[in-house]
1. Report the full-extension gain for the segment Val272 to Glu52: residue separation times 0.36 nm, less the Cα-Cα distance, to one decimal in nm.
2. I need the calculated FRET efficiency for the pair Asp143 and Arg231, taking r as the beta carbon distance and R₀ as 45 Å, to the nearest 0.05.
3. Within segment 115-136, list the residues whose amide N lies under 17 Å from a label point set 7 Å along Cα→Cβ of Lys511.
4. Could you check the simple spin-label distance between Ala291 and Arg442, using points 7 Å along Cα→Cβ, in nm with one decimal?
5. So if we plug the beta-carbon distance of Arg313 and Asn238 into 1/(1 + (r/R0)^6) with R0 = 51 Å, what FRET efficiency do we get, rounded to 0.05?
6. Under a crude label model (7 Å from the Cα following the beta-carbon direction), how far is Ser41 from Ala558 in nanometres?
7. Return, ordered by residue number, the residues of segment 410-442 whose backbone nitrogen is under 15 Å from a label point located 7 Å along Cα→Cβ of Thr546.
8. What's the extension gain from Glu173 to Thr331 if we count 0.36 nm per residue and subtract their Cα-Cα distance?
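Readers should treat all values here as calculations from the given coordinates under stated rules, not as data from a laboratory. Just so it is clear, the model here is predicted, and its values are computed rather than measured. Here the Cβ positions follow ideal geometry from the backbone for every residue, glycine too, while neighbour counts run over all protein chains shown.
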Amino acid sequence: MRSSSFIRIVFVVTLSSLCVMAQTQPPAAGTDKPETPSMGSITGRVVNETGEPLQNAIVMLQAVGRGSSDPGVATDREGTFQFEGLDPNSTYYISAAMPTYTYIPREPGASQTPKSYRVGDSVTIRLTKGGVITGRVTTPNGDPLVGIRVRAEMVVRARNGRRLLNGWGTERETDDRGVYRIYGLPAGAYVVMAGGLKMSYSSANVDPFDTDVPTFAPSSSRETASEIIVRSGEEISNIDITHHGEQGRVISGTVDALIGENEGFRVMLTPVGDGIVPWSGNRFPDMNGRAFSFVGLGEGEYDLYAYSYSKTREFGLSDIKRVRVRGADVTGIELSPRPLATVAGRVVLEEANTPGCTDKSPPSFEGITVGGWHNDNEAAKETPQTVWSLGGPVKPDAQGNFIVRNLAPGEYYFAPRVAAKNWYVRSIQFASAQKKPIDATRVWTMLKFADRLSGLVVTLAPGGGSVSGQLSLGEGAPVPARTYVYLAPVESERADHILSYFGTPIAPDGKFAINNIAPGRYWIFTQTVAEDATVPLSRIRFPHETETRAQIRREAEAAKTEIEFKPCQNVQGYKLSLGPSAQ
């Protein structure tokens, strides 16, 4: 039987492995109804970092725009898997998990958009052997502490060196010798703590060390905790902790003004301050339904917020409240969730009479999603990642109408996706009866609590092209990490048209594919990004990143490799050469 921590890993993996945005498309008024598609399949392999197959990895599939995953399948001896009976009009997220193995975490500033797959795709998923931290927890007298929870929390930093709040963590209990062993850790820097606040909590699940202040390895407070560097497949031993057993403080209060027909709420708490080790804990309601409490807290400052959830998946969010713990418990905190924002709109399909595309059926709305993606600026980094994940992409209904819900306050751009390769995104606009439509690709859409925006129109056009191929290197030469391929428009009149820029990572085997490309002439080139540099691909569709697009276009023009896409032209087997490195 798999442990609960492995189930948590599957959930985390399903939400991660983020990569690049691809354009997509839907059906419109005045077109013929799409033909009922025959079902298809997606196949693939799960391999380790050296390409060897992984047997009995669990592979999960989730249709884009749906909240739940289909039952997972296990890989065979060759590491292969297959999902059958899939709708060709839909796109799918695919992830894999296996005990002791892990994905590489998403780097700060990377694209927020997960890679999706279509029927007929062959997928290769690479998992890396996770690292291990092990040691012993004892009292100051040297006696072993049995059954105390030990937590490893990843330390994530921005490029300016500031610690971010959204690390990755897991926990284990010590055995009868006081020994703990935490495995399956992604490569990175970690702090290790014993006792105190659980990662997740219910009032019926307590242990004797809950009320203790956490002790960080080797025997310190959170301000002076040692950082432990973990590499893939490496075991770090003798990370011993002398646990002080100091009684911790309490923060408690109530959650009021729940939204709609709620099923409940969660309260999240995170320590703050320069040099503070990032971690977070959460609470479900206590027995009276609206009270919460956090125990085992050291003195310092904490950010506290609540979000409520309903049967209809409508979420409410409170303001983030900063609480200072000094010499006493803090009680009577009140958190009041408010409704999050929604954006309503519709997908419009232009007439499918483009020359060269007469045999192409209009796409099904089932194969289209529209999502709102926030501006990942400094202000957004103060909002926990959990909040941004509440408003996922949605599918239009049979008439093309959609509502993107649960959008936290912030700045957004909108990203449609279409399964049908031969359609592309013509425009994304907010319609207005009184004035000219607003181009939603050129300006951020600012949303506040309880905003109810409408009139977002995503127009899809027939004639989209695609290109797939291989990066050509010397025999046996590895593909450099962080290598990407870009398309930038040749025509000067399209230089500032955001929807005319495309890009995608090149896979470790050198393969790449870009779909839903508007007809026209493009420069195509590759770029390898230094380990400590921001990937331009993560910002190429941001409304304000004019200079990023201009730089991509200059480098593409300098590469002097042009490719032209006629309507509905699918270029296969394209050979790419390795381009320059970006610093």
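1. Stretched out fully, the Val272 to Glu52 stretch lengthens by 74.9 nm.
2. It comes out at approximately 0.85.
3. 115-127
4. 5.7 nm
5. For R0 = 51 Å, the calculated efficiency reads 0.65.
6. 4.7 nm
7. Of the residues in segment 410-442, 441-442 have backbone N under 15 Å from the label point off Thr546.
8. 53.9 nm
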